[in-house]
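Trainee: Take this structure, written in C-alpha cells, and hold onto it; I'll ask about it next.
Only the coordinates and a few stated rules stand behind these numbers; no lab work does. Nothing here was measured: the structure is a model prediction, and the numbers come from that model. No Cβ is skipped: glycine too gets one built from the backbone with ideal geometry, and neighbour counts run over all protein chains shown.
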Amino acid sequence: MKTKKIILKIFYHAFVLAFGFCMIYPVLWMISGAFKDNQQILNGGLKLIPKTVVTTNFATGWKGFGGITFTTFFKNSIILTTLATAGTLISSAFVSYALSRIRFKGRGFWFSCMLMTMMLPGQIIMIPSFLIWHKLKLVGTFVPLVLPYFFGQAFFIYQMMQFMKGIPKELDEAAKIDGCSKYGLFFKIILPLLKPSIITTIIIQFYWKWDDYMGPLLYIHSPRLMPVSLAIKQFADPSSITDYGSMFAMSSLSLIPVFLIFLFFNRYLVQGIGTSGLKG
Amino acid sequence: MTDQRKNGNRIRKIINNDNTVGYVFAMPFILGFLGFSLIPMITSFVYSFTDMTFGAKEINFIGLENFKELLHDSIFLKSLRVTFKYVIISVPLKLSFALLVAFLLTRKSKMVTLYRSLYYIPSLVGGSVAVALVWKQIFARKGLFNVVWKQIFGAEAAVNWFGDERLAMYPLILMSVWQFGSSMIIFAAGLKEIPESYYEAAMIDGANGFQRFLRITLPCLSPIILYNLIMQTISAFMVFTQAQIITEGKPNNATMMYALYVYNNAIKYSKMGYACAMSWVMLVIMSIVTFFIFKSSRKWVFSEADS
C-alpha cells in the first residue's frame, strides 16, 4: 500500500514536471535561439543547447535599424511604461476611495459607468480615439499612449475597491473623532494600508503596458519613438530576410524585465489574479 | 473677525462635505470616462453613418449604407465566421485545461507553488510580440514543427500550417489555449475556498474521485467558471496582436480576425466610417453573446443561497 502511494506520487510529480517543461519549451527555445546562428535555428530542430555558441546576435540585434539602436527602444518602453503605470496607480487609488468610502450623490451611477468601461473592449473605441488624437495633432507622440492612464483604469479601480472592503470602517470613525478630514483619511490611513493592492496594480499594469503592441502600432510611426514591442516586430519585416538569431536575442532581452518582476513579486501577482482576475 | 471665522467655517464645511470629497476623488474617472470612452463612442456612432475617409475634406451622411455594405462584404462575413470559430474552439479548451491543471495542482505539496509558476509562464509572456514571433517561426513552412516532423518520420513534412486555409487557424488557437495560466490561478483561488468537509461528507457517502469532481467541485466553482468564461470570451473576440503578427489574416482571409479587419479598414484602406460601423456591429454582437451567457448562467451557476 505504501509503495503504491510512493509510486503514484513520483508518477504525479514526473507528469506535472514533464508537461510543464513542454509548456515552457517554446520560451526556452527562443532563449536558446538567441545563441544560435540562422543555420542552427532553421535546421537544428528541438535541440536547446547550441552546437556552437554564437554571441554576436546580441551585438548585431542591438544595432537596431535605420541607425537607431535598442538603447532608444528600451528607453522609450521604460518611459511609456513608467508614466502609464504611475498614472494608473495615482488616479485609480483616488477613484476607488471615492467609490468605496464616500457617500456622494451619483455614486451608484458612476460605479455602473466604471463597470461598463471594464467590460468595454478597447478595440471598439480604437478608431474614434485615433481620429480625436489626430485632430489634436498628437498622433506620433507619447501623449495618446500615456495620458488616458491618468484618468483611472476601471479594472484596477475595481480591484482596489475589492481590497478596500477589507479595511475596517471603524478606522474611518476613529479618524473622524481624532479630527481627521476625509482627505487626511485617504492619505494618512487608506493609502498606506492599500500597499498590497498597489503592488499588484504596478505589476499587472507594467506587464500590459510593456507588452502593448496595438497602441504603439496605431500612434507611433517614427522609429525614434518606438517601444521594444514594436521594434522587434521589424525583424520579421517581410521585405527582408529575417535574421532569426538577432530577433530571438532582442526578444529574449525584452522579456527580462517581465521575468525579473515575476521572480521577485510572484506572491503579489498570484494574489492579485486570484482575487480579481487577470485578462489574457 | 467673527464674520471671517464664520466664512472660513462655511468654506471648510463645503470642502469636507461628502459630495465635494466624492467628486474631487472621483474626478479623474469622470473626466476620463467622458473624454476617453463616451465621446469616442458617440463619435464612432455618428461616423458609422457617414462615408468618412482619413484625410477627406468633406464627410457625407449616407444613412445605413455602411451597414448595408457590410452584409455584402464577403471578407467581413468571413471574418465573422472565423472569429466565432476561434472563440468557440479556443475558449472552452482553454478553460477546461485551466480547470484540469488547477485541480491537479491542489495537492498539499511544497512543489505546487513552483508548478503553478511554471504553468503560469506562458500567460506571462504570451501576449508579447516576442512570443508571437516565435510561434510564427515554429509553424512556418520551414519552421521547427516541420523540421522535427522530418527528423522523426524521415519524409518531407506535408503540413503547411499557414498556407492551408483549413489549418491556419489552429496554431493561433493553440497559442491561446497554451496561455491558460491566468484562468488557472483564478480557478486555484476558487478551489481553495471549497470547504474540506464537503469532500469528506461525499467520501463517507462513497463517492469516487470523478463523482466528487462532478458533484462538488464543479457546482462550487460555477460562479468562477462564469467569470472566466465571460472575460475570456470578450478577449477572444478581440484577438488582434497574434493574428496581425503571425498570419496577417492570411491565407485567403482564413485568419482575418474581426479586430484585425477593423484595423485594416481604418488604417490600411482609411475607410474610417466603415470601420466605425464595424466596431458597433461587434459591440452589439458581443453584448448579445454576453447577455446569453448571463441568461444561461441561471441554469448552471449555483450560489450559496440556493443550496
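Trainee: Rounded to the nearest Å, what's the spacing between the alpha carbon centres of the range B:116-172 and the range B:1-54? Just the number, please.
Mentor: About 49 Å separates the Cα centre of the range B:116-172 from the one of the range B:1-54.
Trainee: Right, another one. From the phi angles alone, apply the Karplus equation (6.51, -1.76, 1.60; θ = phi - 60°) to the range B:267-277 and give each ³J(HN,Hα) in whole Hz, x where the residue is Gly or Pro.
Mentor: 8, 6, 9, 6, 8, 5, x, 5, 5, 5, 4
Trainee: What is the sum of charges around B:Gly22, taking Lys and Arg as +1, Asp and Glu as -1, for the other residues whose C-beta is under 10 Å from the C-beta of B:Gly22?
Mentor: Numbers: positive: A:Arg101, A:Arg103, A:Lys105, A:Arg107, A:Lys182; negative: B:Asp18.
Its environment carries a net charge of +4.
Trainee: While we're looking at this one, here's another question. Return the Cα extents of the range B:1-42 along principal axes one, two and three, sorted largest first, each rounded to a whole Å.
Mentor: So the extents along the principal axes, rounded to whole Å, are 53, 14, 11.
Trainee: In degrees between 0 and 90, to the nearest 10, how far off the longest principal axis of chain A does helix A:107-119 point, with axes built from Cα atoms?
Mentor: Once rounded, one gets 10 degrees.
Trainee: Select from B:Val159, B:Val148, B:Val87 the residue whose mean-square fluctuation is largest in a Gaussian network model of chain B (Cα-Cα springs shorter than 10 Å).
Mentor: B:Val148
Trainee: Here's something else I'd like to know. To the nearest 500 deg cm²/dmol, what mean residue ellipticity at 222 nm is calculated for chain A from DSSP H runs of n ≥ 4 alone, each contributing -39,500 (n - 2.57), summed and divided by the residues? List each step's numbers first, then the result.
Mentor: Numbers: 13 runs with 186 residues, N = 280.
Computed mean residue ellipticity for chain A: -21500 deg cm²/dmol.
Trainee: To continue, here is another question. For the protein assembly as shown, what does the convex hull of the Cα positions come to per residue, in cubic angstrom?
Mentor: Numbers: hull volume 124.5 nm³, N = 587.
Per-residue hull volume (Cα only) is 212 Å³.
Trainee: Right, next: For chain A, take the convex hull of the Cα atoms, compute a quarter of its surface area, and give me that in nm², please. Please list the in-between numbers first.
Mentor: On the way: hull surface 89.4 nm².
Its average projected convex-hull area is 22.4 nm².
Trainee: Once the other residues with Cβ under 12 Å from the Cβ of B:Gly143 are scored (Lys, Arg +1; Asp, Glu -1), what is the net sum? Please report the intermediate quantities before stating the final value.
Mentor: Values: positive: B:Lys136, B:Arg141, B:Lys142, B:Lys150; negative: none.
Cβ neighbours under 12 Å give a net charge of +4.
Trainee: With chain A treated as a Gaussian network of Cα nodes joined by springs under 10 Å, which of A:Gly108, A:Gly245, A:Gly20 yields the largest mean-square fluctuation?
Mentor: Checking each option, the largest mean-square fluctuation is seen for A:Gly20.
Trainee: Mind checking which lysines have their C-alpha under 18 Å from B:Lys57, skipping anything on the same chain fewer than 8 residues away?
Mentor: Reachable lysines: A:Lys135, A:Lys137, B:Lys271.
Trainee: To the nearest 0.05, what FRET efficiency results for B:Glu248 and A:Leu115 with a Förster distance of 25 Å applied to their C-beta separation?
Mentor: Values: r = 35 Å, r/R0 = 1.40.
It comes to 0.10.
Trainee: Another question, if that's okay. With n ≥ 4 as the cut-off for DSSP H runs, can you work out [θ] at 222 nm for chain B, using -39500 (n - 2.57) per run divided by the number of residues, rounded to the nearest 500? Walk me through the numbers before you get to the answer.
Mentor: On the way: 15 runs with 205 residues, N = 307.
Mean residue ellipticity, 222 nm, calculated: -21500 deg cm²/dmol.
Trainee: Now for a separate question. Past 21 Å, Cα to Cα: identify those pairs from A:Lys4/B:Lys192; A:Lys233/B:Lys268; A:Lys36/A:Lys233, in the order given.
Mentor: Numbers: A:Lys4/B:Lys192 27 Å; A:Lys233/B:Lys268 18 Å; A:Lys36/A:Lys233 19 Å.
Among A:Lys4/B:Lys192; A:Lys233/B:Lys268; A:Lys36/A:Lys233, the Cα-Cα distance tops 21 Å for A:Lys4/B:Lys192.
Trainee: Here's something else I'd like to know. Taking θ = phi - 60°, what integer Hz values does the Karplus form 6.51 cos²θ - 1.76 cosθ + 1.60 yield along the range B:200-211, in sequence order, with x for Gly and Pro?
Mentor: Calculated HN-Hα couplings, in order: 4, 4, 5, 5, 5, 6, x, 7, 7, x, 5, 5 Hz.
Trainee: For a quick check, take a GNM of chain B with Cα springs below 10 Å and name the residue from B:Phe54, B:Phe153, B:Phe187 with the largest mean-square fluctuation.
Mentor: Its mean-square fluctuation being the largest, the pick is B:Phe153.
Trainee: Give the residue from A:Ser222, A:Ala249, A:Ile203 lying farthest towards the positive end of the charge dipole for chain A; charges sit on Cβ (+1 for Lys and Arg, -1 for Asp and Glu) and the dipole is referred to the Cα centre.
Mentor: Toward the positive end, the furthest listed residue is A:Ile203.
Trainee: So what's the net charge close to A:Trp29: Lys and Arg +1, Asp and Glu -1, counting the other residues with Cβ under 12 Å from its Cβ? Walk me through the numbers on the way to the answer.
Mentor: Working: positive: A:Lys36, A:Lys47; negative: none.
Computed value for this residue: +2.
Trainee: Read phi for every residue in the range B:84-93 and hand back ³J(HN,Hα) as whole Hz from Karplus 6.51 cos²θ - 1.76 cosθ + 1.60, θ = phi - 60°, with x for Gly and Pro.
Mentor: Karplus-based 3J(HN,Hα) across the range B:84-93 equals 4, 4, 4, 5, 5, 7, 6, 5, x, 4 Hz.
Trainee: Let me know the whole percent of all Cα-Cα pairs from the range A:2-59 that are separated by more than 14 Å.
Mentor: Values: 1052 of 1653 pairs.
Roughly 64 percent, rounded to a whole number.
Trainee: Starting from 0.36 nm per residue, how many nanometres of slack lie between B:Ser235 and B:Arg5 once their C-alpha separation is accounted for?
Mentor: On the way: separation 230, 0.36 × 230 = 82.80 nm, distance 5.69 nm.
Extending this stretch completely gives an extra 77.1 nm.
Trainee: Shifting gears a bit: For the pairs B:Lys85/B:Lys136; A:Lys47/B:Lys85; A:Lys176/B:Lys13, note any where the Cα-Cα span goes beyond 25 Å.
Mentor: Working: B:Lys85/B:Lys136 20 Å; A:Lys47/B:Lys85 34 Å; A:Lys176/B:Lys13 14 Å.
Result: A:Lys47/B:Lys85 exceed 25 Å.
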